[in-house]
Structure formats: structure tokens, C-alpha cells
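Student: Quick one: the structure is below, questions incoming.
The values are calculated or read from the model by the stated rules, or taken from the named source; none is laboratory data. Keep in mind the model is a prediction, meaning the values are calculated, not measured. Counting neighbours? That spans all protein chains shown, and the Cβs are built from the backbone with ideal geometry, glycine included. The accessibility values were calculated without ligands, DNA or RNA, using every heavy atom of the protein model including side chains. Shrake-Rupley method; radii C 1.70, N 1.55, O 1.52, S 1.80 Å.
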Amino acid sequence: MKYWNSAGKRIQCEDMGKISILDNNMVNMIAAGEVIERPASVVKELMENSIDSGATKITVSIEDGGRKLISVTDNGCGMQADDLEKAFEPHATSKIRTSQDLRSIATLGFRGEALASIASIAQVKAASRTKEPSILLSQESCGAGSSIEIDCGIKGPVMPCNIDYGTSITVRDIFYKLPARRKFLRTANTEMSHITEQFIRIALSNTSLDLSLLHNSKQLYHLSADQSLRSRIAELFSNEIAESLLEISSSEKSMQIYALSASPELSRTNSHLQYIFLNGRFIRDKFISHAIREAYRSYIEWDRYPVIFLFIKMSCDDFDVNVHPTKTEVRFYNSNLVHSQILAALREKLLSTAQTVRAKLPVEISEISTESKPASKIEYSEKINQAMAEFFQKHRHGSSQPHFSFRPAGNSLASVQHQRQTAPSQTADLSESAAKQKFIQIHDCFIVTETEDGFVIIDQHALHERVMYNDLKKRTSAGKLESQKLLIPESFQITEIQKQAFDNHQEIFEQLGIEIEPFGPKTMAVQSFPTLLSKACAVDFVRDLLDLLCDAGKNPDTERLLDDVLNMAACKAAIKAGQQLSDNEILQLLEYADSAELSGRCPHGRPTTIKFSVTELQKQFKRT
Ligand code: ADP
Ligand code: MG
């Protein structure tokens, strides 16, 4: 067998010498690779330890996105001097003793590897004090605490120290002896958004605790103890989300569900605002995600995600948490039951609460009407009713109307030549060739038009999206997009993570010509918006853009990121499927189709046009 060493040089098995057992420090460093991925993992492990210690107040203080310092202070049970020393040994835990205990884990930690892992990859200082006097330290220092320092696995002596009841752990210069891993740390802003995410997860599942998060001495959050979940959500996300949440609870068999679930209009472009907790532990689970998606089917578009905070309680006998070192994955013994119970509870609530049906009906027509401002709720529902009435009228069984709409102007394949005489101003700016074209819009979705040797069917949304994308791409590569100052700035609430994404990607906003300014606590306002995107609602667009940028951690390539943003912009600004177009709009689209260099596919890869030749038709009709 052949191996490669770190310099990439091939070494033979014979050169490798005899097997030796790795020392504890090496074992910890390797284990740390699994548990400690980045500063946010340290924050998670330390906060979980504080919760397990019975703390009611936890303060997390960060410097330079955790690259320089992470400190977590709690008022929990503390540790005696001898325990403080043991706590940093591998497999040191006070939470389980026997294999039997593994089957009924009620604490967040139990593997006894976090502190040892953290101490093996950073400079750690821990100080702790219990309510009982220390048994190891001298009488004079009774009542005071003890402290210890560990530098990448090298432990110093336990010393007496002055500290309040509880524990304080400070982690400096993470990975400083592991340049290969330190290199993978991202900017302070990116690391801070991961830390904030961990903090939010813990804050949501521990509403009774007083929690603070500080970055470079600036307080990002102070959540007071015994807050209701809804007001905590308002502080962490926005009042708009908090106010729209429906409350769902169900208790059946061995499982209790409590959820706050946002109304479908507040759906998002990603699943970041889906928080699922099992017995207080944040988890990700594909069965549960699927159940949520199914429950909301027909209430929101297929590519959007509902906002939901879901808390599940079940007996420890019904699942296994010891599947993954970070414990975000669990194994349910009866995942079908979990799926069906969540689906049923959510579905029942959605059905019993009158919800706006948005998906699939031609609601988009009214949404992008000539009004520049989003319609109020009442106007909106009136438009839906109207659109639905029209929809059913058109699609009524046995209707004498065909299932597609002809152009009102021609009532047949309309020659625009004719129309031109009646409404010259409408088509005056279109090219001669486009104006002569014959076309028809079918199902308010597709345009069929004659070509020299046959006809093409155009997907109106896909084609327009492609055109918009090409245009946006051309303009952004030449400079920034032309934008317009909004008459009245449109304000919106922004979460800490979105704010960090905004700070992180200011150049994208600049390039798009979107100007946003602070507008009060946790509120920003859109001041300018690109003219090219004027059909999209500014606030909705910015919100989706921020969500997309929050994902950018996984997508560091700035060119690709800008491309994703342009894709999204094109999709939002394009004519929708289900929108009835005027002749003029159709002609404009056909003109685009002729002139633009189009790849025949929309930016998502779907075809924009499908061609049929007369020869093909003749063959089909057996004319040849
Ligand atoms: P685990 O949490 O899986 O037991 P850790 O390595 O995280 O393992 O912690 C080891 C032990 O140190 C814990 O079991 C607990 O007894 C003690 N400990 C860690 N943090 C604290 C804290 N903040 N307060 C009190 N005890 C703590
Ligand atoms: Mg722990």
C-alpha cells in the first residue's frame, strides 16, 4: 500500500515504522476536528455546558469574530478545584456514568469531549466557583474559586482565584498552532454570523434564561429572563414575523408538539428560519423538514420555505442522539410516526385558519399590476377573489370559451398590422418585422408565434427572465445599475444575521444601486432601488437578497454570488406565468427574442423556446 506524507511525497508502508499509540493530546486534537469546526462550535459547546450546569444567566463575549477571543460566563453550579482540573481530560463527564445512562440522556452534553477538544486547539483559561467551599484549596481561600490555564493541551496548575459563583471560560487564538485549520477561518463578520446563529438557537429553546451576546464590546443582544417565546422571536427576528405566528400544539402517544408557525406570506427563499428542537436540542431532520413542506403545500410556491419554530418533546427511549459528534442529527426509532404527527398538526391548523392561497392561481397578475406599492391586505384579498372568479369563469367545465385566451384585439392569430392602424402609438416603436408577426398567447403562459419555417412556443416567464438576466449581467459588468430614489423610503426589520450579511456584502448592494440606511433600532429603510427592477417590491426583494447573502458563507466565490443575485433579480423582475399580456408586451418580448443573444434556456436551465418546423408538422399529418 502507498501513502502520501504532508509534503505530498509518496511513502511506502515499509518506511512507516511500527504502529504506536497516539498520546492523549494528539487524540484530542484529532477529536477536536470533529467537534470544533470554527469559533461558533466553541460558543455552542460552552453555552450548552452552562445550561447543563443550571445557569440562569449566560454572557457570551466575542472579539474579532471569535478568532481572537471567545468568553462564556455563567452563574451555574460551578466546579470544585479537582473537577476543574479533570474537566479538560478526554472523556471527562459528570453527565453519564453507565451505558444505561446513554439511553436516557437529559443533558445537552454527555460525550465528555468538548472541553478537552477546545483546550487542545487554543489557549484556554477557566475559572469556577461552587457554593460549597473548595476541598482542595487552603482555608484562607475558601469561598473563592479556582482557575486553570491550558495552552493547546499543556495544562498549568489549578490556582485559587476570585470569581462570582459559576464558571467563566475564555478561549483565545483558536487553532493558533494549527495553521492549516486557522487558514480556513473566514472573515470576522462571517464567523460572527455563525456564532450569532448558534446563540439564536440556544436563545429560542431556553426562553427562561437571561442571555447576552457581545461582539468587540458592543452588545448585540440582551434577552431578559422569562421572556415569552413570541417576544423573544420579535427581538431575534422581527415584530412582523412574531405577530403573524400561529400557535399549534398537539399531544399524542409519546410525542408532544408545540409550534409557532408564520403565515404563508412570510415564506422565505431558504430554510434558515425553520428551527426544529427536540427536547431542547436544535436538530436537523429530513423527515421533519419534509413534513413541514408537505403541510404548507398549496399555500406557498414550491421553492419557498415557511418560517417555523417547532418544539418536539418525546421520551429519550424513542430516539438516539448519539449519532453525530455535534448532535444536530438524531435517529428516531419511528420516524414515520414523527412525520405523520407533525404533518397532521400543521395541516389541521392551516386548514382551520383562513389562509391566502397563493400558489398556482394567477394571483401574480394583480401582484405586478401597474401599482408600484404592494397592495394592502384588503385590496390584495379582493384581487385574489377577482382573479379566482376570472380563473374559474375561464376554466368552467363545458364553457363555450376555449381553455386559452385569444388576443382581444384580433380574436384569432392577430396580425398586428391591422392593430397598428387602430392604435399606432402602441406599436410605433417596434421594428417592422416584429410588427408583422403573428402570435397568440395561450393559457396566459406561453406565446405561440409563426417563423419562416414553422412556429415556436415561448415560455413567457422563462424568456423574459433570460432577457432580464442578460441585461442585468451586461449592465453590472459595465458599472453599477441605474437606480431611483424612492419617494418614501420603505422600512423593514433586519435581524442581526441579515445585518452582518449586509455589512459583509455592501459591494453587491452598491453594484445593484440599492441604497439602504439604518432607520431605527433593528430597522433599515430602502432609499434607492434599481429602475430595471421596478416591477419587484423593493422590501421583499431586499429581504430575499439578504437571505441569499446569508447563505454566501457556503459560496465564497464573489463572481458566482453576484451571478446568483442576478438570477434572483431576473426571476423577480420578469413577467410571470399566468400574466395576461397586451399585444404590445408580447411584441416587445418577441423583439427581445430576436435580438438578444439567448441561449434558449432560462438562467435556471429550463428552455425558453421550443421550435416546431413545418416539415415536422407535415410529417405528423402524413402530408409527405
Ligand atoms: P460534557 O458536557 O459532554 O460532559 P464537556 O467536555 O463539555 O463534556 O465538559 C466536561 C465536564 O465539565 C462536564 O460534564 C461538567 O461536569 C463540567 N463542566 C463543563 N462546563 C461547565 C460549567 N460551565 N459549569 C459547571 N460544570 C461544567
Ligand atoms: Mg459539554
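Student: Tell me, what is the 1.4 Å probe accessible area of residue 318, in Å² to the nearest 10?
Tutor: Surface open to solvent at residue 318 totals about 40 Å².
Student: Around residue 527, what is the net charge, scoring Lys/Arg as +1 and Asp/Glu as -1 over all other residues with Cβ under 12 Å from its Cβ?
Tutor: Its environment carries a net charge of -2.
Student: How many percent of the accessible area of segment 433-506 is carbon or sulfur, using a 1.4 Å probe? If you can, show how the numbers build up before the last one.
Tutor: Working: 1850 of 3540 Å².
C and S atoms contribute 52 percent here.
Student: Of 572/611; 218/499; 286/522, which pairs sit farther than 21 Å apart, going by alpha carbon to alpha carbon?
Tutor: Values: 572/611 26 Å; 218/499 14 Å; 286/522 32 Å.
Where the Cα-Cα span goes over 21 Å, the pairs concerned are 572/611; 286/522.
Student: Each residue of segment 225-233 in turn: what ³J(HN,Hα) in whole Hz from Karplus with 6.51, -1.76, 1.60 and θ = phi - 60°, glycine and Pro shown as x?
Tutor: 5, 6, 6, 6, 4, 4, 6, 5, 4
Student: Let me ask something additional. Tell me, in nm to one decimal, what length is gained between residue 577 and residue 611 on full extension, where the rule is 0.36 nm per residue of separation less the Cα-Cα distance? Walk me through the numbers on the way to the answer.
Tutor: On the way: separation 34, 0.36 × 34 = 12.24 nm, distance 1.94 nm.
So the extension gain works out to 10.3 nm.
Student: Accessible surface of residue 537 in the full protein assembly, 1.4 angstrom probe, to the nearest 10 Å²?
Tutor: 40 Å²
Student: For the peptides 152-162, 48-58, 300-310, what is the packing order when you average, over each peptide's residues, the other Cβ atoms within 10 Å and list the highest mean first? Don't skip to the answer; put the middle values down first.
Tutor: Values: 152-162: 15.1, 48-58: 20.9, 300-310: 18.8.
Highest to lowest by the protection proxy: 48-58, 300-310, 152-162.
Student: So what is the accessible area of segment 469-573 per residue, in Å², with the probe set to 1.4 Å?
Tutor: 46 Å²
Student: Can you give the extra length, in nm with one decimal, that the chain gains between residue 302 and residue 527 once fully stretched, where that is 0.36 nm per residue apart less the Cα-Cα distance?
Tutor: Roughly 77.9 nm would be gained on extension.
Student: Then there's this: Where does each of 124, 27 land when they are ordered by accessible area, with a 1.4 Å probe and the largest first? Spell out each step's value before the answer.
Tutor: Numbers: 124 5, 27 65 Å².
Output order, biggest surface exposure first: 27, 124.
Student: Then there's this: Take 294, 37 and sort them by solvent-accessible surface of the protein heavy atoms, 1.4 Å probe, largest at the top.
Tutor: Listed by decreasing accessible area, they come as 37, 294.
Student: Could you name the aspartates and glutamates whose alpha carbon sits less than 20 Å from that of residue 327, not counting residues in the same chain fewer than 8 places away?
Tutor: In chain and number order, the partners are 34, 37, 45, 48, 52, 101, 113, 197, 285, 317, 318.
Student: Tell me the carbon and sulfur percent of the accessible area for segment 24-223, rounded to whole percent, probe radius 1.4 Å.
Tutor: With neighbouring chains kept in place, the figure for segment 24-223 is 51 percent.
Student: Just the accessible area for residue 315, please: 1.4 Å probe, Å², rounded to the nearest 10?
Tutor: Per-residue accessible area (residue 315): approximately 50 Å².
Student: OK, next. Need the C-alpha centroid separation for segment 525-567 versus segment 140-186, integer Å.
Tutor: After rounding, the separation between the Cα centres reads 41 Å.
Student: Of 254, 99, which has the most accessible area with a 1.4 Å probe, and how do the rest follow in descending order?
Tutor: 99, 254
Student: Per-residue counts of other Cβ atoms within 10 Å, averaged by peptide: what ranking do you get for 577-584, 461-468, 541-548, highest first? Display every interim value, and only then the final one.
Tutor: Values: 577-584: 17.5, 461-468: 24.8, 541-548: 21.6.
Those peptides, ordered most packed to least, come out 461-468, 541-548, 577-584.
Student: Once the piece of chain linking residue 21 and residue 488 is laid out straight, how much longer is it, given 0.36 nm per residue of separation minus the C-alpha distance between them?
Tutor: Gain in length upon complete extension: 161.2 nm.
Student: Another question, if that's okay. Along segment 562-577, what does the Karplus equation 6.51 cos²θ - 1.76 cosθ + 1.60 (θ = phi - 60°) give for ³J(HN,Hα), rounded to whole Hz, x for Gly and Pro?
Tutor: Running phi through 6.51 cos²θ - 1.76 cosθ + 1.60 with θ = phi - 60° gives 4, 4, 4, 5, 5, 4, 5, 4, 4, 4, 6, 8, 7, 3, 8, 5 Hz.
Student: Kindly identify segment 229-353 as rounded, prolate or oblate by the Cα gyration tensor criterion: order the square roots of the eigenvalues as a ≥ b ≥ c, call it rounded if a/c is under 1.5, otherwise compare a/b with b/c, prolate if a/b is larger, else oblate.
Tutor: Judged from the Cα gyration tensor, segment 229-353 comes out prolate (a/c at least 1.5, a/b above b/c).
Student: Just add up the charged neighbours of residue 509: K/R +1, D/E -1, any other residue whose Cβ is under 12 Å from the Cβ of residue 509. Please report the intermediate quantities before stating the final value.
Tutor: Working: positive: 480; negative: 503, 507, 510, 515, 517.
Taking every Cβ under 12 Å from that of residue 509, the sum is -4.
Student: On to the next question. Under 5 Å between amide H atoms, partner at least 5 residues away or on a different chain: which partners does residue 451 have, H built in plane at 1.01 Å?
Tutor: 456
Student: Moving on. Carbon-plus-sulfur fraction of the accessible area of segment 229-353, 1.4 Å probe, in percent?
Tutor: On the way: 2650 of 5450 Å².
Carbon and sulfur together cover 49 percent of it.
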